[in-house]
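Novice: Please see the structure below; I have some questions.
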Amino acid sequence: MNAANLQKAQELVHRFPKKSSALIPILHLVEDEFGYIPEAEVQTVADVMGVTPAYVESVLTFYTLFHRQPTGKYLVQVCRGLSCQLNGADELSHFLHDELGVQRNGTTDDGLFTVEEVECIALCKDAPAVQINLEFYPRMTKEQLKAFLDQAAKEVTSGA
Amino acid sequence: MPETRLLFKNIDVPGIDGIDVYEQHGGYVSLRKAVLDMTPDAVVQEVMASNLRGRGGAGFPTGRKWSFLPKDGRTRYLVCNADESEPGTCKDQELIYRIPHLLIEGVLTSAYAIGAEDAFIYLRGEFKGGYRILERAIAEARAKGYLGENVLGSGRRIEVNLYLGAGAYICGEETALLESLEGRRGMPRLKPPFPATAGLYGMPTVVNNVETLSAVVPILQMGGAEYAKLGTERSAGTKLFSVSGNVRRPGNFEVELGKVTLRELLYDLAGGPPEGHEFKAVIPGGSSVPFLTPDKFDTPLDYESLQGAGTMLGSGGVIVLDDRACIVNATLRLMEFYRHESCGKCTPCREGTMWLNQVLQRVESGEGRPGDIETLADLCSNIDGQTFCPLGDAAIGALGSGLRLFHDEYEAHITKGGCPMGEVVR
Ligand SMILES: Cc1cc2nc3c(=O)[nH]c(=O)nc-3n(C[C@H](O)[C@H](O)[C@H](O)COP(=O)(O)O)c2cc1C
Ligand code: SF4
Ligand code: FES
C-alpha cells in the first residue's frame, strides 16, 4: 500500500467498535489502489489487522469484488441478471467480448479493460445495465459501449 | 390507478438530494418531533400503531421487532440493510441515490426510538456511488446538528456509520450481514439467538431494510394511526414495487398495499407488454418466489393476497416475462445465480443448487434425458425446508412453480432436443 493508504488503514483499525470490522474496508483500499489484492499486500493487511495472512485470505476469497488477479484500468461489468437478460444483456456481453477480443472474465493484453459478467446490480428497471469501475451505466446500448471503449482507448494513447 | 406517494413524494424535486431543498419540503420535521417532543418509547408506539411491516422481504412487523430488544442496559445497535441484491429489486437503490436524506432521517429517528447510539448502513459493494452520496448527506446533517454528539441539543449521541460490502448476495440475509459487518465471511448464523438479543458484536441489534426505515419518516409526520389507514388491515401503508423485464415502462412505483392489482401495476403504471407481445408470466417478489400466470393478474398486491395466489410479495421486485421468454432458460439463469451465491455452509443448498444447475443446463441445451423433470422435482424437494437459511428455499421458488405451471415447456425441451421456440430472440 502507498503511505497514504497505509495510514488510512491504520486509522480504520480504530474506526469501529471492534477492530475486526476494519478488514473489509482495508481490503477495499488495496483493491482500489492496485485493481486487485496482490499477494504481498495480504501480508501487509494481516500485519495491520494483527491476524494471519491465511485469515485475510479466507475472508477476501468470499467476496466477488476482491480480485486475485490484476484487472484492467477499466473494470467493465455487464449484468446478466434475469431482467437484464430479458433486455438484451447477452448481446451486449458478446459484443464487448468480441470487440475487445477477450475470453469471459478476461483482461485485454494492454491491461486497459477487464470484462466481467456479474449478477444483478440493482438497476433492473434500467436494463440492460453495466457498471464501469463501480459507476452505473443504465440502459446501455452497443453504440454507447463502443463510444466508451473508443474514448477510453484514445485518452490512454494520448497520454491523458 | 394512481400511485400513492409517501416515500417518493418529493423524489422528483430538483436538488432534493441536498439538505436545504430536503428541509424546504418538510425534511427533518419527523426527527425534530421525535427527539424534541417524544420519548423513545412513544416513537416505538407510533411505529407499532402504523402496522408497518418490514420491506426487506420477510414482512415482519417493525414495531414488534423493535419491542423485542431486552431492556438490560447493554449497548444497542441499529443496522440498515442496504445490501439490495435480490434480482429484480432496485427500489432501495433509487431511494439512496435520489433522496438520501430520507434514509438518513429514518435511520436517525429509528436509532433514537430504539436507543441506539451507533447506527450502521451496510451497502452492497456495488453501491460505491451511493456510499459517496450518503457520506455527503451525513456531513450535511452533521453540520445542521441532526447527528453527532448532541443531536438537536438533546444531549443524545447518534452516529451513522457507512459500511461497504464486497459482493455477496447472501450478505443480505441479516445474520450473514452481521458476520460481514464484523469482518468475516458472510455466512448465516444459527438462530436463535436472534439479532434482537445477540446481534452486532453480540449486542442487541435491530436490522431493518432501507425502505422500512425510510417509511418511519412519513409515519411520524402523519401519525401511526393515519398510516395504518392506508392499505389493508394486515398489509398497511404503501410499498415500492420495482417492475422490470419485458414491460413498456419499467420503473419503481409506490402504491397502497392491497388497493392495486398486479394487472393495474403492469398495465396502468408500467405501460403493459412491449408492442406486439403478450405477458406470459411474472415473478412478483424478487427472483426467490413462485411464478404467477396471467389468470392470476387480478390479485391485489398485498402480503396475504399474493400468498393466497401461491406466491409471495417478497421484496416487491416484479420481473415480467412476455411471450418471447423461455421459462426453462429463465429458471436456468436464476439457478446459476443461486448456485453462485450459495455460501456453501450447508449440504442441501450447496450440492442441491449445483445439481439443479447441471440438470437444468442439459435440459435447456437440448441434451435432457427422460426422467430429468422428475430429477429436478426430486432435487427441489430435497432442498425444500431442509436448508440452514432461507436461501435454499429461495433457490427453488421460481423453478418449483415453473415445473408445475410450464411442465410442457420442460418436456418439449427434452423430446424436441432443444427450445421449441427456436433460438430465443432478445
Ligand atoms: C438470502 C437472503 C437475502 C436477503 N437479502 C436482503 C436484502 O438484500 N435486503 C434486505 O433488506 N433484506 C434482505 N433479506 C432479508 C433480511 O434477512 C431481513 O429479513 C431484513 O433485512 C429485515 O428488515 P425488514 O424487517 O425491515 O424487512 C434477505 C434474506 C435472505 C434469506
Ligand atoms: S442455505 Fe445456502 S446460503 Fe444458506 S447457509 Fe445453507 S449453503 Fe449457505
Ligand atoms: S437484473 Fe440487471 S440490474 Fe438487476
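Novice: Pick out the one residue from B:Gly88, B:Gly115, B:Gly106 that is in contact (Cβ under 8 Å) with a residue 60 or more places away in the chain, on the phi > 0 side of the Ramachandran plot and within 20 Å of the chain's Cα centre (by Cα).
Specialist: Going through B:Gly88, B:Gly115, B:Gly106 in turn, just one is in contact (Cβ under 8 Å) with a residue 60 or more places away in the chain, on the phi > 0 side of the Ramachandran plot and within 20 Å of the chain's Cα centre (by Cα): B:Gly88.
Residue-by-condition table, conditions (1) of a type in the set (A, V, I, L, M, F, W, C); (2) closer than 27 Å to B:Ser288 by Cα; (3) within 16 Å of ligand 3 (Cβ to nearest atom):
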{"site": "B:Leu103", "(1), (2), (3)": "yes, yes, no"}
{"site": "B:Ile114", "(1), (2), (3)": "yes, no, no"}
{"site": "B:Ile138", "(1), (2), (3)": "yes, no, no"}
{"site": "B:Gly145", "(1), (2), (3)": "no, no, no"}
{"site": "B:Leu152", "(1), (2), (3)": "yes, no, no"}
{"site": "B:Gly155", "(1), (2), (3)": "no, no, no"}
{"site": "B:Val160", "(1), (2), (3)": "yes, no, no"}
{"site": "B:Tyr169", "(1), (2), (3)": "no, yes, yes"}
{"site": "B:Leu177", "(1), (2), (3)": "yes, yes, no"}
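Novice: Would you mention how many residues in the stretch B:129-169 are open to solvent by less than 10 Å² (accessible area, probe 1.4 Å), farther than 21 Å from B:Ala113 by Cβ and in contact (Cβ under 8 Å) with a residue 60 or more places away in the chain?
Specialist: Selection size over the stretch B:129-169: 1.
Novice: Which residues, counting only those in the stretch B:64-121, are among the aromatic types (Phe, Trp, Tyr), within 14 Å of chain A (Cβ to nearest Cβ) and more than 21 Å from B:Ile133 (Cβ to Cβ)?
Specialist: Selection gives B:Tyr77 alone.
Novice: Scan the stretch A:14-28 for residues that are within 8 Å of another protein chain (Cβ to nearest Cβ), within 18 Å of the chain's Cα centre (by Cα) and open to solvent by less than 10 Å² (accessible area, probe 1.4 Å) and report the count.
Specialist: Counting residues in the stretch A:14-28 that are within 8 Å of another protein chain (Cβ to nearest Cβ), within 18 Å of the chain's Cα centre (by Cα) and open to solvent by less than 10 Å² (accessible area, probe 1.4 Å) gives 3.
Novice: To continue, here is another question. Can we say A:Gly50 is more than 19 Å from A:Gly111 (Cβ to Cβ), open to solvent by 20 Å² or more (accessible area, probe 1.4 Å) and either at pLDDT 95 or above or more than 9 Å from chain B (Cβ to nearest Cβ) (or both)?
Specialist: Against the criterion (more than 19 Å from A:Gly111 (Cβ to Cβ), open to solvent by 20 Å² or more (accessible area, probe 1.4 Å) and either at pLDDT 95 or above or more than 9 Å from chain B (Cβ to nearest Cβ) (or both)), A:Gly50 qualifies.
Novice: For the stretch A:29-40, state whether one or more residues are among the hydrophobic types (A, V, I, L, M, F, W, C), within 9 Å of chain B (Cβ to nearest Cβ) and assigned to a helix (DSSP H, G or I).
Specialist: Taking every residue of the stretch A:29-40 in turn, none turns out to be among the hydrophobic types (A, V, I, L, M, F, W, C), within 9 Å of chain B (Cβ to nearest Cβ) and assigned to a helix (DSSP H, G or I).
Novice: Would the stretch B:9-18 turn up any residue that is assigned to a helix (DSSP H, G or I) and surrounded by fewer than 16 Cβ atoms within 10 Å (Cβ to Cβ)?
Specialist: Within the stretch B:9-18, none of the residues are assigned to a helix (DSSP H, G or I) and surrounded by fewer than 16 Cβ atoms within 10 Å (Cβ to Cβ).
Novice: Working only within the stretch B:339-373, note down all residues that are more than 16 Å from ligand 2 (Cβ to nearest atom) and closer than 19 Å to A:Val118 by Cα.
Specialist: B:Gln361
Novice: Here is a check on your reading of the model: is A:Phe95 away from ligand 3 (no atom under 16 Å from the Cβ), more than 11 Å from chain B (Cβ to nearest Cβ) and open to solvent by 50 Å² or more (accessible area, probe 1.4 Å)?
Specialist: No, not satisfied.
Novice: Would you check if B:Glu275 is assigned to a loop (DSSP other than H, G, I, E, B) and either more than 12 Å from every other protein chain (Cβ to nearest Cβ) or open to solvent by less than 10 Å² (accessible area, probe 1.4 Å) (or both)?
Specialist: yes
Novice: Considering only residues of the stretch B:326-348 that are among the hydrophobic types (A, V, I, L, M, F, W, C) and farther than 30 Å from B:Asn246 by Cα, which is farthest from ligand 3 (Cβ to nearest atom)?
Specialist: The qualifying residue farthest from ligand 3 (Cβ to nearest atom) is B:Cys346.
Novice: Next question, about the same structure. If you go through the stretch A:109-139, how many residues are away from chain B (no Cβ under 14 Å) and not β-branched (Val, Ile, Thr)?
Specialist: 5
Novice: Right, something else. Take the residues in the stretch B:27-53 that are within 21 Å of the chain's Cα centre (by Cα) and open to solvent by 10 Å² or more (accessible area, probe 1.4 Å), then tell me which one is farthest from B:Val318 (Cα to Cα).
Specialist: So the residue we want is B:Met48.
Novice: Among the residues of the stretch A:83-113, which ones are within 28 Å of B:Glu94 (Cβ to Cβ), away from ligand 1 (no atom under 16 Å from the Cβ) and not in a loop (DSSP other than H, G, I, E, B)?
Specialist: Those that are within 28 Å of B:Glu94 (Cβ to Cβ), away from ligand 1 (no atom under 16 Å from the Cβ) and not in a loop (DSSP other than H, G, I, E, B): A:Cys84, A:Gln85, A:Ala89, A:Asp90, A:Glu91, A:Leu92, A:Ser93, A:Phe95, A:Leu96.
Novice: Moving to a separate point now. Identify all residues within the stretch B:189-208 that are crowded, with 21+ Cβ neighbours inside 10 Å and within 13 Å of chain A (Cβ to nearest Cβ); write none if there are none.
Specialist: Across the stretch B:189-208, the qualifying residues are B:Gly199, B:Leu200, B:Thr205.
A quick yes/no check of all residues on (1) closer than 27 Å to A:Ala89 by Cα; (2) within 14 Å of another protein chain (Cβ to nearest Cβ):
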position: B:Ser381; (1), (2): no, no
position: B:Gly385; (1), (2): no, no
position: B:Cys389; (1), (2): no, no
position: B:Gly397; (1), (2): yes, yes
position: B:His413; (1), (2): yes, no
position: B:Gly417; (1), (2): yes, no
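The values are calculated or read from the model by the stated rules, or taken from the named source; none is laboratory data. From a predicted model like this one, the values you see are computed outputs, not experimental measurements. Don't worry about glycine lacking a Cβ; one is built from the backbone with ideal geometry, like all the others, and counts go over all protein chains shown. Heavy atoms of the whole protein, side chains included, go into the accessibility calculation; ligands, DNA and RNA do not. Shrake-Rupley method; radii C 1.70, N 1.55, O 1.52, S 1.80 Å.
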